[in-house]
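Remarks on the structure that follows.
The values are calculated or read from the model by the stated rules, or taken from the named source; none is laboratory data. Note that this is a predicted model, so its numbers are computed, not measured. Cβ sites come from the backbone with ideal geometry, for glycine too, and all protein chains shown count toward neighbours. Each accessible area value is taken on the protein alone, full model and side chains, heavy atoms only, with ligands, DNA and RNA left out. Shrake-Rupley method; radii C 1.70, N 1.55, O 1.52, S 1.80 Å.
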Amino acid sequence: MSSYDTALAADPEVASLIGQELNRQQTTLQLIASENFTSPAVLAASGSVLTNKYSEGYPGRRYYGGNQIIDEVEDLARTRATDLFGAEHANVQPHAGANANLAAYQALLEPGATILAMRLDHGGHLTHGSPASIVSKFWRFVSYGVTPESHDEANPGEVIDFDQVAHLAKTEKPALIVAGSTAYARVIDPRPFREIADSVGALFMFDAAHPAGLIAGGAHPSPVGIADVVTLTTHKTLRGPRGGAILCGRELAKKIDSAVFPGLQGGPLEHVIAAKAVAFAEAAKPEFRQYAAQIVVNAAALADALDGQGFRLVSGGTDNHMLLVDLRPFDADLTGKEAQEVLDRAGITCNRNTIPDDPRSPFLTSGLRLGTAAETTAGMGVAEMQVVADLIVRTLEARTDEGEIAAVRSEVGALCAAFPPYPDLVA
Ligand code: DSN
């Protein structure tokens, strides 16, 4: 009997789908850099009766009755967040990272103000200036990117071009400079951004959606106390429930809070906020520091194992939780889309991604983005990263050989069986 059959007896259709998804997560490799496996405690909090409660407002200032306990939940989450990151203020209500960014812009900027952020095709996020995002209707975006690829092994390029950031800051006079990325395999040092922002009187926001867990675990420099505002997601390297949060100094607290509610959102998701509180406490434990360090070690091991197999690693490698693989030297005809699809069939879940100055469209791409946060949670280490790299290479070499793909799928299943993310849940 599946772990969901009893709880969802009245809805076997949904129970079956959740069971199938649990089975997929337990039996295939999860290498999407923005995903993770939350703890059973996080799952329990986010599946709790707190979902029933309306609590528009903030602790002590709600628009509905019956919020005494909810206030304690949200206060606990805020205190744990500020303690974990060493921040003066935390807003834990954003439903997602995109909402956190939108609220931060709304709090800090007048409509029409200029924002200097990372180019989308060099790793920036939709909320860093995509014409398709609502942010581009309210603010004017100017983009910086990474330096060109270089063939000098000691200095491979494709790192944030701080000369360009400084130049654009001077010429475009942004009101806000944004650091942060969804597809950048290197540490993002907040200090040069701060210096450039100060030199032109701009505010500085660090979008820590991806490295939040690495920051909490001491495996990435913290932007807290350097940036005016830090936005983050709680579900990537931080390993909490799907959601967002904003950290800032006391002087911006009121503006940030008002921008989230009533500016952008209605009732907060207090079941998710409780789950965020659980995750913040988990991330404060000494073992989380080991976990964060292991994510980085595993990413480096995966990069090493793929290097020399014909791939090119954007920026020459990684020093965070992800790597960006240029597929073209491996096979000039292989798109990221095709690679993602064949890897999916082999039980290896990842996503296609543009690489800097990608000649292909974002729908096709020339790259793959791989991340190690989830499988590190499942207990995999350096030895398994070598196996994972071999399975990726075999799959991409045997794209039309269904027998070989089935053989890889079976080996993936055996590897995952040794590292189940939820050993106590039955699909
Ligand atoms: N979708 C997230 C990621 O995969 O990085 C960004 O929003």
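Observations on the structure shown:
- Taking each residue of segment 224-240 that is assigned to a loop (DSSP other than H, G, I, E, B) and looking for partners that are hydroxyl-bearing (Ser, Thr, Tyr) and surrounded by fewer than 24 Cβ atoms within 10 Å (Cβ to Cβ) with beta-carbon atoms closer than 6 Å, six or more apart or interchain, yields Lys236/Ser34.
- Verdict on Arg62 being over 30 Å from Arg352 (Cβ atoms), in contact (Cβ under 8 Å) with a residue 40 or more places away in the chain and charged (D, E, K, R): no
- When Ala279, Ala300, Ala284 are checked against the criterion of being surrounded by fewer than 24 Cβ atoms within 10 Å (Cβ to Cβ), closer than 30 Å to Asn67 by Cβ and of a type in the set (Gly, Ala, Ser), Ala284 stands alone in meeting it.
- Options Gln340, Gln386; residue that is polar (S, T, N, Q), in a helix (DSSP H, G or I) and closer than 29 Å to Arg119 by Cα: Gln340
- One residue from Gln106, Gln20 being of a type outside the set (D, E, K, R), assigned to a helix (DSSP H, G or I), closer than 30 Å to Lys170 by Cα and open to solvent by 50 Å² or more (accessible area, probe 1.4 Å): Gln106
- Single residue of segment 241-264 satisfying the filter (farther than 21 Å from Ser48 by Cα and part of a loop (DSSP other than H, G, I, E, B)) that is nearest to the ligand (Cβ to nearest atom): Leu264
Conditions (1) farther than 30 Å from Asp71 by Cα; (2) open to solvent by less than 10 Å² (accessible area, probe 1.4 Å); (3) touching an Asp or Glu at 6+ places or on another chain (Cβ under 6 Å); (4) aromatic (Phe, Trp, Tyr), marked per residue:
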residue	(1), (2), (3), (4)
Ala90	no, yes, no, no
Ala96	no, no, no, no
Ile134	yes, no, no, no
Ser143	yes, no, no, no
Glu149	yes, no, yes, no
Asp152	yes, no, no, no
Glu172	yes, no, no, no
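- Of everything in segment 131-168 that is in a loop (DSSP other than H, G, I, E, B), touching a Gly at 6+ places or on another chain (Cβ under 8 Å) and not β-branched (Val, Ile, Thr), the residue that is farthest from the ligand (Cβ to nearest atom) is Glu153.
- First in segment 199-216 and under 9 Å from Thr237 (Cβ atoms) and open to solvent by less than 10 Å² (accessible area, probe 1.4 Å), second anywhere and outside any loop (DSSP other than H, G, I, E, B) and within 16 Å of the ligand (Cβ to nearest atom), Cβ under 6 Å, 6 or more apart: Ala212/Leu232
- Scanning segment 60-79 for residues that are out of contact with any helix residue (DSSP H, G or I) (no Cβ under 8 Å at 6 or more places or on another chain), open to solvent by less than 100 Å² (accessible area, probe 1.4 Å) and assigned to a helix (DSSP H, G or I) gives Asp71, Asp75, Arg78, Thr79.
- Selection within segment 216-235 - within 16 Å of the ligand (Cβ to nearest atom) and closer than 18 Å to Gln294 by Cα: His220, His235
- Remark: Pro59 falls outside the filter, which requires a residue to be at pLDDT 95 or above, under 25 Å from the mean Cα position of the chain (by Cα), more than 16 Å from the ligand (Cβ to nearest atom) and of a type outside the set (Val, Ile, Thr).
- Scanning segment 374-408 for residues that are open to solvent by 70 Å² or more (accessible area, probe 1.4 Å) and in contact (Cβ under 8 Å) with a residue 60 or more places away in the chain yields Val382, Gln386.
- Checking Thr349, Thr318 one by one, the residue that is among the polar types (S, T, N, Q), closer than 28 Å to Ser143 by Cα and either at pLDDT 95 or above or open to solvent by less than 40 Å² (accessible area, probe 1.4 Å) (or both) is Thr318 and no other.
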